[in-house]
Amino acid sequence: MFLGLIRNLGVASVVALAVTLAAVAWYVRHSLRPLQRMSQLTEAMSLERLGQAQLQLQDAPSEVRRLAQTLDALLVRLFESCEQQQQFASNISHELRTPLTLVSGYLQSTLRRGRNLSANQQEALEIAASETERAVQLLHDLSVLARADSGRLHLEIESIELN
């Protein structure tokens, strides 16, 4: 009778352990589902949709909901930062290009009419004109990049024969 009781307790313990393990596995899988959903949503995000990104996880545990809200706020700040960076690049290239173009024109004009300049003055003006042209080109490139980032750059794609 004692051995039968020990055998029954052993079987009951194994069954209880199996049921407990199954319940824990189900609970862990169920608890991790919101985190998997968050991972899928963040992988599918793009820069264009970053500002509207919302990780809505109403059925998630409160800790995961707080994490999703924090991540939503971070994504909004990241989107705003990207927009500010694009706007800054656009503004800088636009505002600096005009005065630099004027300076470049003035330097070129002075060089063309500068018959009474010494060799050192001529060389200094040529260097200044060259560097000004380089700065204007850099600002133009920055402007093109800013338009490309904002989606306002329209490219004409055409086939070209390489041979």
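From the helices alone, meaning DSSP H stretches of at least four residues, give me the mean residue ellipticity at 222 nm for the chain, per-run term -39500 (n - 2.57), in deg cm²/dmol to the nearest 500.
It lands at -28500 deg cm²/dmol.
Could you compute the FRET efficiency for Arg7 and Leu32, with r as their C-beta to C-beta distance and R0 at 45 Å, rounded to 0.05?
Working: r = 38 Å, r/R0 = 0.84.
Here the calculated transfer efficiency is 0.75.
How high is the relative contact order of the chain, given as a whole-number percent (alpha carbon pairs under 8 Å, six or more residues apart)?
18 percent.
Sort Met45, Met38 from largest to smallest accessible area, using a 1.4 Å probe on the heavy atoms of the protein chains.
If we order Met45, Met38 from most to least accessible, we get Met45, Met38.
I need the semi-axes of the equivalent ellipsoid of the chain: take the C-alpha gyration tensor, multiply each eigenvalue by 5, square-root it, list largest first in whole angstrom.
Here the semi-axes work out to 72, 17, 16 Å.
Using packing as a proxy for protection, rank 105-118, 5-18, 61-74 so that the peptide with the highest average count of other Cβ atoms within 10 Å comes first. Walk me through the numbers before you get to the answer.
Values: 105-118: 11.9, 5-18: 9.9, 61-74: 13.6.
Order by mean packing, descending: 61-74, 105-118, 5-18.
Could you work out how far the C-alpha centroid of segment 4-80 sits from that of segment 86-163, in angstrom?
A separation of 54 Å, based on Cα centres.
For labels at Ser118 and Leu74 in the simple 7 Å Cα→Cβ model, what's the distance in nm?
6.2 nm
By how many nm would the segment from Arg134 to Ala22 lengthen if fully extended, with 0.36 nm per residue of separation less the alpha-carbon distance?
33.4 nm
At R0 = 41 Å, how high is the FRET efficiency between Ile92 and Ser62 if r is their beta carbon distance? Nearest 0.05 is fine.
Using R0 = 41 Å, I get an efficiency of 0.35.
Can you give the extra length, in nm with one decimal, that the chain gains between His154 and Gln85 once fully stretched, where that is 0.36 nm per residue apart less the Cα-Cα distance?
22.8 nm
The values are calculated or read from the model by the stated rules, or taken from the named source; none is laboratory data. Please read these numbers as outputs of a predicted model, since none were measured by experiment. Counting neighbours? That spans all protein chains shown, and the Cβs are built from the backbone with ideal geometry, glycine included. Only protein heavy atoms, including side chains, enter the accessible area calculation; ligands, DNA and RNA are left aside. Shrake-Rupley method; radii C 1.70, N 1.55, O 1.52, S 1.80 Å.
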